[in-house]
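Undergrad: The structure's right below; bear with me while I get my questions together.
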Amino acid sequence: MGVIGTANIAIRRIMPVLAAHDRVDLVAVASRDGARAARVGARFGCEGVGGYEALLEREDLDAVYIPLPPGMHHEWAMRALRSGKHVLVEKPMSDAYEKTLELLTVASRLGLVLAENFMFLHHSQHAAVRAMLDGAVGGLRQFTGTFAVPPLAPGSFRYRPELGGGALLDVGVYPLRAAQLHLTGELEVLGAFLRVDEATGVDVAGSALLCDERGVTAQLDFGFEHSYRSMYALWGDRGRLSVRRAFTPPEQLRPVVRVEQQDVVTERALPEDDQVFNAMDAFVRAALGGARPAGEETATLRQALLVERVRQVARTAGVPASASRLPAGRSGAR
């Protein structure tokens with residue numbers, strides 16, 4: 001494997017796992033700054049390459065991981081696919097639905113694995129929550145989800161619209177994806193708001209109200225001008241279940257699920273799990289010819305479309321729009 005870019009998430013979370021994985025040979029990391037590439041490569045025992053294109057020209061790579069800003073994902077994922085390499089790209093897969101559709105279509109045509117790195121989906125706590133729902137929550141009535149972080153460094157790409165910056169693509173995609181994980185059928189965007197910073201031109205906070213075909217609502221909030229919060233909750237006719245560290249739990253943490261029912265409050269500590277390793281391992285197994293989760297491509301497309309609908313409704317002051325009904329003839333990559 002090779003890595004295109006030396007983003008903080010690659011250095012802190014992903015490259016240590018790839019370097020230690022027993023089925024991965026981490027060969028090279030690329031940066032536009034050759035000296036930085038060399039430093040990062042030395043840290044992980046691989047070669048530093050000056051320039052992304054130079055890495056893609058190598059013949060000793062089967063796959064690449066791309067942690068670039070969202071506005072660069074489509075270009076470099078497409079280049080990697082056309083160079084014959086499997087691709088793991090940081091979430092979101094791109095900054096627009098049509099770009100994501102094009103990438104998935106090309107990957108399918110070339111017989112290559114293309115995956116979006118939503119690591120929280122690979123933590124076992126979410127399957128445990130689904131198994132608890134009937135007894136703890138009963139009939140689901142409402143989902144709430146929040147992911148927000150304190151203000152970021154002023155020079156961050158997240159404040160640059162030309163690089164796909166903004167809170168929706170950076171943190172808002174997490175509660176949106178979690179809502180799709182637990183709600184069913186069609187999702188409608190009933191309302192949405194994005195607070196745009198006039199100085200940078202990017203959205204720094206937002207909210208969305210969704211509804212599924214059963215009438216279950218989802219209230220979602222996100223941003224990067226808040227105290228840290230990473231949670232979701234499911235509220236039904238029997239009780240309410242909340243997940244306190246929903247999106248970025250450390251691998252040493254035993255996640256605690258809180259269940260509130262009439263006159264009874266219980267907390268259950270779930271097993272530790274390493275969502276970073278699990279996400280990398282799932283990609284590696286798929287690239288080596290293993291089975292991929294059923295419906296993964298359609299889920300990625302629906303997520304991209306949901307983000308698009310939230311933007312649309314925020315622009316049009318709350319006109320309802322379908323969040324998961326794919327355009328005719330586009331039910332998934334072929």
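Undergrad: Among the residues of the stretch 11-44, which ones are open to solvent by 70 Å² or more (accessible area, probe 1.4 Å) and touching a residue at least 12 places away in the same chain (Cβ under 8 Å)?
TA: Of the residues in the stretch 11-44, the ones open to solvent by 70 Å² or more (accessible area, probe 1.4 Å) are 12, 20, 22-23, 25, 32-33, 36, 39, 42-43.
If the condition is that a residue be open to solvent by 70 Å² or more (accessible area, probe 1.4 Å) and touching a residue at least 12 places away in the same chain (Cβ under 8 Å), then R23, D25, R32, D33, R36, R43 are the ones that fit.
Undergrad: Looking at (1) part of a loop (DSSP other than H, G, I, E, B); (2) open to solvent by 50 Å² or more (accessible area, probe 1.4 Å); (3) modelled with pLDDT of 95 or more, which is the one condition that is false for F247?
TA: Among (1) part of a loop (DSSP other than H, G, I, E, B); (2) open to solvent by 50 Å² or more (accessible area, probe 1.4 Å); (3) modelled with pLDDT of 95 or more, the lone unmet condition for F247 is (2).
Matching residues to (1) over 19 Å from T144 (Cβ atoms); (2) out of contact with any helix residue (DSSP H, G or I) (no Cβ under 7 Å at 6 or more places or on another chain):
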{"residue": "Q180", "(1), (2)": "no, no"}
{"residue": "V189", "(1), (2)": "no, no"}
{"residue": "F193", "(1), (2)": "no, no"}
{"residue": "A199", "(1), (2)": "yes, yes"}
{"residue": "V202", "(1), (2)": "yes, no"}
{"residue": "A205", "(1), (2)": "no, no"}
{"residue": "D212", "(1), (2)": "no, yes"}
{"residue": "G215", "(1), (2)": "no, yes"}
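Undergrad: Sticking with this one: Under 19 Å from V196 (Cβ atoms) and either touching a Gly at 6+ places or on another chain (Cβ under 8 Å) or open to solvent by 20 Å² or more (accessible area, probe 1.4 Å) (or both): which single residue out of L121, L168, L110, L140 fits that description? Reasoning before the result, please.
TA: Working: L121 fails: under 19 Å from V196 (Cβ atoms); L110 fails: under 19 Å from V196 (Cβ atoms); L140 fails: under 19 Å from V196 (Cβ atoms).
Sole residue among the options that is under 19 Å from V196 (Cβ atoms) and either touching a Gly at 6+ places or on another chain (Cβ under 8 Å) or open to solvent by 20 Å² or more (accessible area, probe 1.4 Å) (or both): L168.
Undergrad: Anything in the stretch 70-107 that is open to solvent by less than 20 Å² (accessible area, probe 1.4 Å) and part of a loop (DSSP other than H, G, I, E, B)? List them, or say none.
TA: Correct list: K85, P92, M93, S94.
Undergrad: Could you give me the residue pairs with C-beta distances under 7 Å whose first residue belongs to the stretch 149-176 and is part of a loop (DSSP other than H, G, I, E, B), whose second residue is aliphatic (A, V, I, L, M) and crowded, with 20+ Cβ neighbours inside 10 Å wherever it lies, and which are 6+ apart or on separate chains?
TA: V149/V171; G165/V202; G166/V202
Undergrad: Also, I was wondering about something else. If you scan the stretch 201-213, which residues turn out to be surrounded by 16 or more Cβ atoms within 10 Å (Cβ to Cβ) and either over 18 Å from V171 (Cβ atoms) or of a type outside the set (D, E, K, R) (or both)?
TA: Filtering the stretch 201-213 for residues surrounded by 16 or more Cβ atoms within 10 Å (Cβ to Cβ) gives 202-212.
Across the stretch 201-213, the qualifying residues are V202, V204, A205, G206, S207, A208, L209, L210, C211, D212.
Undergrad: Hey, F193 hits all of (1) more than 14 Å from Q312 (Cα to Cα); (2) touching a residue at least 12 places away in the same chain (Cβ under 8 Å); (3) open to solvent by 70 Å² or more (accessible area, probe 1.4 Å) but one; which does it fall short on?
TA: Here F193 meets the rest and fails (1).
Undergrad: A further question on this structure: Tell me, please, whether a residue that is closer than 27 Å to E75 by Cβ and touching a strand residue (DSSP E or B) at 6+ places or on another chain (Cβ under 8 Å) can be found in the stretch 182-193. Before the answer, list the steps.
TA: First, pick out the residues of the stretch 182-193 that are closer than 27 Å to E75 by Cβ: none.
No.
Undergrad: May I ask you to list the residues in the stretch 51-69 that are assigned to a strand (DSSP E or B) and of a type in the set (S, T, Y)?
TA: Restricting attention to the stretch 51-69, the residues satisfying the condition of being assigned to a strand (DSSP E or B) are 63-66.
The one that is assigned to a strand (DSSP E or B) and of a type in the set (S, T, Y): Y65.
Undergrad: Now a separate question. Please determine whether any residue of the stretch 85-99 is free of Cβ contacts under 8 Å to residues at least 60 places away in the same chain and among the hydroxyl-bearing types (S, T, Y).
TA: No, the stretch 85-99 contains no residue that is free of Cβ contacts under 8 Å to residues at least 60 places away in the same chain and among the hydroxyl-bearing types (S, T, Y).
Undergrad: Sticking with this structure for a sec: If you take the residues in the stretch 269-284 that are open to solvent by 70 Å² or more (accessible area, probe 1.4 Å) and touching a residue at least 60 places away in the same chain (Cβ under 8 Å), which one is farthest from D25 (Cα to Cα)?
TA: Let us first name the residues in the stretch 269-284 that are open to solvent by 70 Å² or more (accessible area, probe 1.4 Å), namely 271-272, 277.
With touching a residue at least 60 places away in the same chain (Cβ under 8 Å) added as a condition, the list becomes 271, 277.
Values: P271: 29, F277: 15 Å.
For the stretch 269-284, the residue satisfying everything is P271.
Undergrad: Give the residue that is most open to solvent (accessible area, probe 1.4 Å), with candidates limited to residues of the stretch 214-244 that are part of a loop (DSSP other than H, G, I, E, B) and small (G, A, S).
TA: Just the residues of the stretch 214-244 that are part of a loop (DSSP other than H, G, I, E, B), to begin with: 214-216, 224-228, 237-238, 244.
From what's left, small (G, A, S): 215, 227.
Working: G215: 46, S227: 93 Å².
Going through the qualifying residues, I end up with S227.
Undergrad: Can you tell me which residue within the stretch 143-159, out of those that are out of contact with any helix residue (DSSP H, G or I) (no Cβ under 8 Å at 6 or more places or on another chain) and farther than 22 Å from W235 by Cβ, is most open to solvent (accessible area, probe 1.4 Å)?
TA: Quick first cut of the stretch 143-159, residues out of contact with any helix residue (DSSP H, G or I) (no Cβ under 8 Å at 6 or more places or on another chain) only: 144, 150-151, 153-156, 159.
Remaining after also requiring farther than 22 Å from W235 by Cβ: 150-151, 153-156, 159.
Numbers: P150: 63, P151: 93, A153: 67, P154: 122, G155: 72, S156: 17, Y159: 37 Å².
Checking each candidate, the answer is P154.
Undergrad: Let me ask something additional. Could you run through the stretch 285-299 and say how many residues are in contact (Cβ under 8 Å) with a residue 60 or more places away in the chain, of a type in the set (A, V, I, L, M) and either more than 14 Å from L88 (Cβ to Cβ) or not in a helix (DSSP H, G or I) (or both)?
TA: 2
The values are calculated or read from the model by the stated rules, or taken from the named source; none is laboratory data. All values reported here derive from a predicted model rather than from experimental measurement. Neighbour counts run over all protein chains shown; Cβ positions are idealised from the backbone, glycine included. Accessible surface areas use protein heavy atoms only, side chains included; no ligands, DNA or RNA. Shrake-Rupley method; radii C 1.70, N 1.55, O 1.52, S 1.80 Å.
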